[in-house]
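Working notes, beginning with the structure itself.
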């Protein structure tokens, strides 16, 4: 027998590497939201007032079509019922669109991004005594007006300008306006136009129902000349008048307010915090304004719709969301403190060849995604110690970042570059002297995600 033919105690078997199971990202999202349609719809968990909104719209419309329109279509014109149906369908469609769309939720930082943020802060020589003091806020200039990038200790990101954290939904929302319980969702950059159109259409619809409910009562009163008997014959019209009148009072005032701030390119959150007053005291115009009230209104209602940064309908690998890492992102009291050490050559080494930015997190990463929003950015290299720039004082030892609007021309005639790091748009594309030189995202703005 040939020695090569003798059986051995083991055999070499090629085993394919096991693939980790994938799961929809909305099942892992730590915010207080309700997802449906496999993540394509998102709403707040507090839905009671939203159900009341739907009940009032559908209930009053049912009474109007069942009693008033049936009589008015014969007496006056069937166009009254047709226009009423169109208004009702439009109001309901815009309500569902504003309620079920992602308002502009900014995904929370992944564990790797959190480590980079803490490493950058540790390198700057800061002393941390509590998780709330781990990372300092940043300051930037937008058209020479200072804005702060507040660090969110829940989402673990430096919030972009005009963004804020909603305490009800527990998410950072881009261009946060307010949380509206009537639509059951936050009002942010992606659904503000639908919210504005909704309240305007509700005001028109309430006026329409109120007008023809009164007309119906007047026509019936002309036949019997008895008001009490008329109200007994059409009790539904009386209910419609009461509900439509008080609804119109509140909605018309709200519509006028939002039209006013939209023409000035402010949000409700900025108006409450007194930003218009501060700009007026500083004798400055709104840096986000398009130049006129009509242009601002057209930009708010008809401007380009930003993509969803969350994209909860996409599948992610469970390897990117181990239980310990997920707990560090969900619980704001848990802090990653392992990198709070002085910078040395050991912890300044470049990352491994496999880029973690393309695999971690609940959304795809791409370091070459262009900026898709109205803000581009550049860094003023170096630090300014106790310097005054257009009336704003910078902190000692910290760089002052300056952002300009897309398409704005610099003094030297060049357009500001569009850059991104780890799939996130950044305010500082180039780290300042002495900071990390690897692929760490120095200043996170928000997330750009391609469909493919």
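The values are calculated or read from the model by the stated rules, or taken from the named source; none is laboratory data. Small disclaimer: the values here were computed from a predicted structure and weren't measured. Neighbour counts run over all protein chains shown; Cβ positions are idealised from the backbone, glycine included.
Below is a table of values for the structure above.
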quantity	calculated
Enumeration of residues in the range 229-245 that are part of a helix (DSSP H, G or I) and either closer than 10 Å to residue 213 by Cβ or in contact (Cβ under 8 Å) with a residue 24 or more places away in the chain (or both)	236, 237, 238, 239, 240, 241, 242, 243, 244, 245
Entirely in the range 121-225, the strands (runs of 3 or more DSSP E) that have 3 or more residues that are touching a strand residue (DSSP E or B) at 6+ places or on another chain (Cβ under 9 Å), closer than 24 Å to residue 296 by Cβ and at pLDDT below 90	138-142, 145-149
Test: residue in the range 42-52 that is over 21 Å from residue 189 (Cβ atoms), loosely packed, with under 13 Cβ neighbours inside 10 Å and in contact with a helix residue (DSSP H, G or I) (Cβ under 9 Å, 6 or more places away or on another chain)	no
Residue match in the range 273-291 (condition: more than 24 Å from residue 55 (Cα to Cα), outside the structural domain of residue 76 (by TED's automatic domain parsing) and in contact with a strand residue (DSSP E or B) (Cβ under 6 Å, 6 or more places away or on another chain))	no
Filtered residue count, the range 93-107, keeping only those that are surrounded by fewer than 24 Cβ atoms within 10 Å (Cβ to Cβ) and in a loop (DSSP other than H, G, I, E, B)	1
Residue among 55, 64 that is more than 30 Å from residue 35 (Cβ to Cβ), outside any loop (DSSP other than H, G, I, E, B) and modelled with pLDDT of 95 or more	64
Hits in the range 269-297 - residues which are under 20 Å from the mean Cα position of the chain (by Cα) and assigned to a helix (DSSP H, G or I)	269, 270, 271, 272, 275, 296, 297
Of residues in the range 28-41 being under 15 Å from the mean Cα position of the chain (by Cα) and buried (at least 16 other Cβ atoms within 10 Å of the Cβ), the one farthest from residue 173 (Cα to Cα)	41
Any hit, the range 21-42, residues being farther than 22 Å from residue 110 by Cα and in a helix (DSSP H, G or I)	no
Residue within the range 213-226 that is within 33 Å of the chain's Cα centre (by Cα), in contact (Cβ under 8 Å) with a residue 60 or more places away in the chain and more than 24 Å from residue 48 (Cα to Cα) present	no
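Condition check ((1) over 30 Å from residue 62 (Cβ atoms); (2) modelled with pLDDT of 90 or more) across all residues:
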residue: 227; (1), (2): no, no
residue: 233; (1), (2): no, no
residue: 240; (1), (2): no, yes
residue: 253; (1), (2): no, yes
residue: 266; (1), (2): yes, yes
residue: 271; (1), (2): yes, yes
residue: 274; (1), (2): yes, yes
residue: 291; (1), (2): yes, no
residue: 304; (1), (2): yes, no
